[in-house]
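Okay, structure first, notes after.
The values are calculated or read from the model by the stated rules, or taken from the named source; none is laboratory data. A quick note: this is a predicted structure, and the numbers were derived from the prediction, not measured. Cβ: placed from backbone, ideal geometry, glycine included. Neighbour counts: every protein chain shown.
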Amino acid sequence: MTQNSTGRRTAAGGVLGAATVAMGLIAGVFYIFACAVMPAVARSDDRVYVEVVQNVNEVIQNPVFMLSFLGALLLTAVSAWQLRTTSGPRGWVWAALAAYALAFLVTVAANIPLNNALAHATDPVTAVRASRTSGWHGTSYGHCCRRRHWRAWPAR
């Protein structure tokens with residue numbers, strides 16, 4: 001609980017704390033995918049690559065992840081609204097909201113449809129080639145970590 005300008009206690013601090021935790025959890029997911037999961041999977045042959053990515057896409061759709069994924073956006077938006085008339089972390093909260101809203105939009109509008117297409121792939125070679133030419137690499141740093149040559153930035 002924090003106090004507002006009239007001296008009354010508010011829940012803004014609790015919401016900000018929850019938003020920070022949710023945002024940290026999701027940032028950790030993005031980070032580990034970019035630094036470890038996709039580079040490790042990129043070392044595999046095409047069949048293993050497609051199978052692992054399909055499995056990850058399937059198991060990540062669970063209530064715990066969805067609570068964090070959606071909660072980070074919602075809690076940060078609520079916190080930004082609660083802090084709109086205060087001084088202090090207001091600018092940082094709005095910046096965090098804008099950055100995560102962009103990441104959320106890219107994930108929902110680009111990554112999820114491409115992941116759904118990969119989920120239905122039957123031929124791994126065709127699926128990997130399609131992912132390279134469809135823009136999948138440009139929508140996520142984790143996917144930009146090119147297969148087999150993930151250190152060769154930028155992906156071409």
- Task: Being in a helix (DSSP H, G or I) and either within 22 Å of I26 (Cα to Cα) or among the polar types (S, T, N, Q) (or both) is the filter here, so list the residues in region 118-129 that pass it.
- Result: T126
- Within region 69-91, identify whether any single residue is modelled with pLDDT of 85 or more and within 29 Å of A121 (Cβ to Cβ), and answer yes or no. yes
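Each row is one residue, and each column tells you yes or no for (1) buried (at least 16 other Cβ atoms within 10 Å of the Cβ); (2) modelled with pLDDT under 85; (3) among the charged types (D, E, K, R).
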site: M1; (1), (2), (3): no, yes, no
site: R8; (1), (2), (3): no, yes, yes
site: G14; (1), (2), (3): no, no, no
site: A19; (1), (2), (3): yes, no, no
site: G28; (1), (2), (3): no, no, no
site: I32; (1), (2), (3): no, no, no
site: A36; (1), (2), (3): no, no, no
site: A40; (1), (2), (3): no, no, no
site: R47; (1), (2), (3): no, yes, yes
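Report those helices (runs of 4 or more DSSP H) wholly inside region 20-117 carrying at least 1 residues which are free of Cβ contacts under 8 Å to residues at least 24 places away in the same chain and of a type in the set (V, I, T).
Because the criterion is at least 1 residues that are free of Cβ contacts under 8 Å to residues at least 24 places away in the same chain and of a type in the set (V, I, T), the helices (runs of 4 or more DSSP H) in region 20-117 that meet it are 38-42, 46-59, 63-82.
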- Message: I'd like to know if region 84-96 contains one or more residues that are under 11 Å from the mean Cα position of the chain (by Cα) and surrounded by 13 or more Cβ atoms within 10 Å (Cβ to Cβ).
- Response: no
- When restricted to T139, T133, the only residue surrounded by fewer than 15 Cβ atoms within 10 Å (Cβ to Cβ), of a type in the set (S, T, Y) and modelled with pLDDT under 85 is T133
- Item | Positions within region 112-130 being at pLDDT 80 or above and within 18 Å of A42 (Cβ to Cβ), in sequence order | L114, N115, L118
- Residue selected from region 49-83 under the condition under 20 Å from the mean Cα position of the chain (by Cα) and polar (S, T, N, Q), by the criterion surrounded by the fewest Cβ atoms within 10 Å (Cβ to Cβ): N62
